[in-house]
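*Asks:* Below is a structure I'd like to ask you about.
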Amino acid sequence: NPEEIYTDESHPIWIKERVKIDVGYNNEKMDVLIFRPRDTQGPTPSVIVYPGANYFSTPPDIDDINPGEFGLDFIIKSGRALIWPAWKGSLDRMTISLISSPEDRLRNFRELLRYWTVDTHKTLDYLETRQDMDDNNFFYLGMSYGSIFTTHTLLFEDRYNAAVLYVGGVNPSTPPMSDGINHLPRIKTPFLMLNGEDDYLVPKSSALALYSSAGTLEEDKKIIFYNSGHWPLPRNQMIKESLN
């Protein structure tokens, strides 16, 4: 049940759309931002963004999101659409939690994991209805939080051709019932990981744990460490590896 909020053609590189779709739970709707490259021919591949923690805590206004802020404009310049859904708990779907007990917080987090899975399904369902999108070319792009806490969606969504994980890893402090660690051996999606040697938030051991635990075939996964911290990564090298 898509509702087009607006289309903005003022940018020289992309055409921006804001669409609202039903997610199928709690009578909620989800905004989806679409940044389509200008002057493309035929159906466009899509890269779906799972952003960093700030988008779940102190996010910008949804209409202020700019792919260039994190250097992601190269994806659109390469002829791919960048899709930025307002995942449950982020952007204009943030909820103020008054939960105090550890048990209730974990229960709430488990619910978020489920919602993110459904949100992913609905985003791809919607893109498949569009004739201008290539429904054989969907890609996952995780950034920090989106490469740590939402990677379980890869297990439940086989429409992703591949995933690119920026500064991601595993979080060993989260109990098994609400952590993707138990899902990792079952994930078969090809993926690329780009991390920093001196990352103070995601240490090298955490990144290597994700890489080695994932069930993806060895020839279908790759990890690279740069002489950098958490973010940003060396831009030229990041672009080259991501597009390859």
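The values are calculated or read from the model by the stated rules, or taken from the named source; none is laboratory data. All values reported here derive from a predicted model rather than from experimental measurement. Virtual Cβ from ideal backbone geometry, glycine too; neighbours counted across all protein chains shown. We work out accessible area using only protein heavy atoms, side chains counted, and drop any ligands, DNA or RNA first. Shrake-Rupley method; radii C 1.70, N 1.55, O 1.52, S 1.80 Å.
*Asks:* State yes or no: is Asp135 touching a residue at least 60 places away in the same chain (Cβ under 8 Å), outside any helix (DSSP H, G or I), touching a helix residue (DSSP H, G or I) at 6+ places or on another chain (Cβ under 8 Å) and open to solvent by 10 Å² or more (accessible area, probe 1.4 Å)?
*Replies:* Details: touching a residue at least 60 places away in the same chain (Cβ under 8 Å): yes; outside any helix (DSSP H, G or I): yes; touching a helix residue (DSSP H, G or I) at 6+ places or on another chain (Cβ under 8 Å): yes; open to solvent by 10 Å² or more (accessible area, probe 1.4 Å): yes.
So Asp135 fits the description; yes.
*Asks:* If you check Leu208 against the conditions, is it among the hydrophobic types (A, V, I, L, M, F, W, C) and either touching a Pro at 6+ places or on another chain (Cβ under 7 Å) or open to solvent by less than 40 Å² (accessible area, probe 1.4 Å) (or both)?
*Replies:* Values: among the hydrophobic types (A, V, I, L, M, F, W, C): yes; either touching a Pro at 6+ places or on another chain (Cβ under 7 Å) or open to solvent by less than 40 Å² (accessible area, probe 1.4 Å) (or both): no.
So Leu208 does not fit the description; no.
*Asks:* State yes or no: is Glu4 in contact with a strand residue (DSSP E or B) (Cβ under 6 Å, 6 or more places away or on another chain), more than 21 Å from Phe149 (Cα to Cα), open to solvent by 60 Å² or more (accessible area, probe 1.4 Å) and at pLDDT 95 or above?
*Replies:* Judged against the criteria, Glu4 is a match.
*Asks:* Test Arg105 against the stated conditions and say whether it is touching a residue at least 60 places away in the same chain (Cβ under 8 Å), part of a helix (DSSP H, G or I), within 16 Å of Phe56 (Cα to Cα) and open to solvent by 50 Å² or more (accessible area, probe 1.4 Å). So that I can check it myself, show each step before the final result.
*Replies:* Values: touching a residue at least 60 places away in the same chain (Cβ under 8 Å): no; part of a helix (DSSP H, G or I): yes; within 16 Å of Phe56 (Cα to Cα): yes; open to solvent by 50 Å² or more (accessible area, probe 1.4 Å): yes.
It is false that Arg105 is touching a residue at least 60 places away in the same chain (Cβ under 8 Å), part of a helix (DSSP H, G or I), within 16 Å of Phe56 (Cα to Cα) and open to solvent by 50 Å² or more (accessible area, probe 1.4 Å).
*Asks:* How about segment 30-67: which of its residues are buried (at least 16 other Cβ atoms within 10 Å of the Cβ) and charged (D, E, K, R)?
*Replies:* Asp31, Arg36
*Asks:* While we're here: List pairs: first residue in segment 159-176 and in a loop (DSSP other than H, G, I, E, B) and of a type in the set (A, V, I, L, M), second residue open to solvent by 50 Å² or more (accessible area, probe 1.4 Å) and modelled with pLDDT under 80 anywhere in the structure, Cβ distance under 7 angstrom, at least six positions apart or on different chains.
*Replies:* Val170/Ile181
*Asks:* Something else about it: Tell me which residues, restricted to segment 211-223, are farther than 18 Å from Glu241 by Cβ and either open to solvent by 40 Å² or more (accessible area, probe 1.4 Å) or in a helix (DSSP H, G or I) (or both). Write out each step before concluding.
*Replies:* Our first condition is that a residue be farther than 18 Å from Glu241 by Cβ; within segment 211-223, this holds for 212-213, 215, 217.
Correct list: Ser212, Ser213, Leu217.
*Asks:* Charged (D, E, K, R), open to solvent by less than 70 Å² (accessible area, probe 1.4 Å) and in a helix (DSSP H, G or I): is that true of Asp125 in this structure?
*Replies:* On the way: charged (D, E, K, R): yes; open to solvent by less than 70 Å² (accessible area, probe 1.4 Å): yes; in a helix (DSSP H, G or I): yes.
So Asp125 passes the test.
*Asks:* Any residue in segment 77-89 that is outside any loop (DSSP other than H, G, I, E, B), surrounded by fewer than 17 Cβ atoms within 10 Å (Cβ to Cβ) and either among the hydrophobic types (A, V, I, L, M, F, W, C) or touching an Asp or Glu at 6+ places or on another chain (Cβ under 6 Å) (or both)? Step through it out loud before you land on a result.
*Replies:* As a first pass, look at segment 77-89 and keep what is outside any loop (DSSP other than H, G, I, E, B): 77, 81-85.
With the extra rule that they be surrounded by fewer than 17 Cβ atoms within 10 Å (Cβ to Cβ), the set shrinks to 77.
From what is left, the residues that are either among the hydrophobic types (A, V, I, L, M, F, W, C) or touching an Asp or Glu at 6+ places or on another chain (Cβ under 6 Å) (or both) are none.
So far as segment 77-89 goes, no, none of its residues is outside any loop (DSSP other than H, G, I, E, B), surrounded by fewer than 17 Cβ atoms within 10 Å (Cβ to Cβ) and either among the hydrophobic types (A, V, I, L, M, F, W, C) or touching an Asp or Glu at 6+ places or on another chain (Cβ under 6 Å) (or both).
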